[in-house]
Amino acid sequence: SMPARVGDLSLPKVVVSDLREVFRSGKPSILGPDLHLALTETLRRGEQAILFLNRRAYAGSLLCRECGYVPSCPNCSVTFTFHKGARRLRCHHCNAQEPAPDVCPKCGSHRFRPLGIGTEKVEEAVRETFPRAVVARVDRDVARRAGAVEAVFRKLREGEINVLVGTQMVAKGLDFPGVTLVGVVTADTGLCLPDFRSTERTFQLLTQVCGRSGRARQGMAVIQTFQPEHPAVEFAAAQDYEPFFEREIGERRDALYPPFTRLVNVLASSEDRRAAERLATEIADDLRRHVVRVLGPAPCPLERVKGRWRYHALVKLDPTDDVGVATVPESRLTHPNVRVTVDVDPVSLL
Ligand SMILES: [Zn+2]
Ligand SMILES: [Zn+2]
């Protein structure tokens, strides 16, 4: 069944733009040729565009600019995080570590490093390329000023802005009739997140973002990516929901993730890094006496939040198991300077 939209407008035409080719051409640019062309034509017609940048990867993984390869943990099927200082790759689920290769293990390219583009850089690139366009930006920094985001959205709706650059804040439920082009600057940032749901979330985000285009007339979306064959990108571009979810469920079954398991995330946090790590280790050892599949402890992908160091152990239960087997004894929960939280069916593992 085809997803229908109110008013029966056809879905936007989606173009997947291969950033590997842009890099191979020797003229790497934030706006690749497909997006550049689409933007030129949109502005010439006096219509509007939204350029979307997925949230920055919390801790970046390495990404090959030539073949799109992203290293991932063989045990957990989540991306490895790159630790620059020590030049190591680390899994934030099971704590597996290995030295970071200098070149891409798949194709030998030296262009093998973390992604790092922010909304400001995108805004700057648009201003440089289209000096007469009115460009605005919506991201976490802008959102700190009360009413600033609403003001930008109002200007966009009233046609005072030609190009809006934004993070996922622009993705949801907003109706801008003049917007006929949506550009996804890099689909890859979401795919590099160390969470088993990153594929599904990226798929949903891409379909949602592409849906911003052409609410009132025929629209177009350009998805720039280093991984054009990635299922999240391929199926989102085809706006093919059922095959995507069928494939995704197969992956979850193979890697033992929900709904084929129940997850319990035990998190220990403290201003004292060693204390948090020590308690997380003790809890993981306790749990291993009752439960077969306990991963970690490992530092959380968000290793430090508000001055507190965070370590977690991830328990995989059978769906029919009593969650009680993953109970943490009271004595561990009352540690003087380590806070322990037990999250059953966690929404996020970051
Ligand atoms: Zn490569
Ligand atoms: Zn792992």
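Structure values in brief
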| item | result |
| --- | --- |
| Qualifying residue in segment 50-62 (condition: among the charged types (D, E, K, R) and more than 16 Å from ligand 2 (Cβ to nearest atom)) | yes |
| Evaluation of ASN75 against (1) within 16 Å of ligand 2 (Cβ to nearest atom); (2) under 20 Å from THR189 (Cβ atoms); (3) out of contact with any strand residue (DSSP E or B) (no Cβ under 6 Å at 6 or more places or on another chain) (one fails), failing number | (2) |
| Output for segment 58-96, where each listed residue is among the aromatic types (Phe, Trp, Tyr) and within 16 Å of ligand 1 (Cβ to nearest atom) | TYR69, PHE80, PHE82 |
| Qualifying residue in segment 27-34 (condition: within 16 Å of ligand 2 (Cβ to nearest atom), in a loop (DSSP other than H, G, I, E, B) and buried (at least 22 other Cβ atoms within 10 Å of the Cβ)) | no |
| Output for segment 73-96, where each listed residue is part of a loop (DSSP other than H, G, I, E, B) and aliphatic (A, V, I, L, M) | VAL78, ALA86, ALA96 |
| Residues of segment 283-296 satisfying the condition of being within 15 Å of SER331 (Cβ to Cβ) and surrounded by 14 or more Cβ atoms within 10 Å (Cβ to Cβ) | ILE283, ASP286, LEU287 |
| Members of segment 97-124 found to be assigned to a helix (DSSP H, G or I) and either within 11 Å of ligand 1 (Cβ to nearest atom) or farther than 19 Å from ASP188 by Cα (or both), listed by number | GLU124 |
| Flag if ALA236 is surrounded by 14 or more Cβ atoms within 10 Å (Cβ to Cβ), under 30 Å from SER29 (Cβ atoms) and small (Gly, Ala, Ser) | yes |
| Yes/no for GLU41 being modelled with pLDDT under 95, surrounded by fewer than 23 Cβ atoms within 10 Å (Cβ to Cβ), of a type outside the set (Lys, Arg) and outside any strand (DSSP E or B) | no |
| Qualifying residues in segment 1-26 (those that are assigned to a helix (DSSP H, G or I) and among the aliphatic types (A, V, I, L, M)) - the one modelled with the lowest pLDDT | VAL6 |
| Residue within segment 109-122 that is within 16 Å of ligand 2 (Cβ to nearest atom), over 22 Å from LEU39 (Cβ atoms) and either of a type in the set (D, E, K, R) or touching a Pro at 6+ places or on another chain (Cβ under 7 Å) (or both) present | no |
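Here's the yes/no breakdown for (1) at pLDDT 90 or above; (2) of a type outside the set (Ser, Thr, Tyr); (3) within 26 Å of HIS93 (Cβ to Cβ); (4) touching a strand residue (DSSP E or B) at 6+ places or on another chain (Cβ under 9 Å):
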site: ASP195; (1), (2), (3), (4): no, yes, yes, yes
site: GLU200; (1), (2), (3), (4): yes, yes, yes, no
site: LEU205; (1), (2), (3), (4): no, yes, yes, yes
site: GLN208; (1), (2), (3), (4): no, yes, no, no
site: ARG217; (1), (2), (3), (4): no, yes, no, yes
site: MET220; (1), (2), (3), (4): yes, yes, no, yes
site: ILE223; (1), (2), (3), (4): yes, yes, no, yes
site: PHE226; (1), (2), (3), (4): yes, yes, yes, yes
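Residue-by-condition table, conditions (1) crowded, with 16+ Cβ neighbours inside 10 Å; (2) without any contact (Cβ under 8 Å) to a residue 40 or more places away in the chain; (3) touching an Asp or Glu at 6+ places or on another chain (Cβ under 6 Å); (4) not assigned by TED's automatic domain parsing to the domain that holds VAL233:
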| residue | (1), (2), (3), (4) |
| --- | --- |
| ALA146 | no, yes, no, no |
| ARG154 | no, yes, no, no |
| GLY166 | yes, no, no, no |
| CYS192 | yes, no, no, no |
| VAL209 | yes, no, no, no |
| ALA216 | no, no, no, no |
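The values are calculated or read from the model by the stated rules, or taken from the named source; none is laboratory data. These numbers were taken from a predicted model, which means no experiment stands behind them. Cβ: placed from backbone, ideal geometry, glycine included. Neighbour counts: every protein chain shown.
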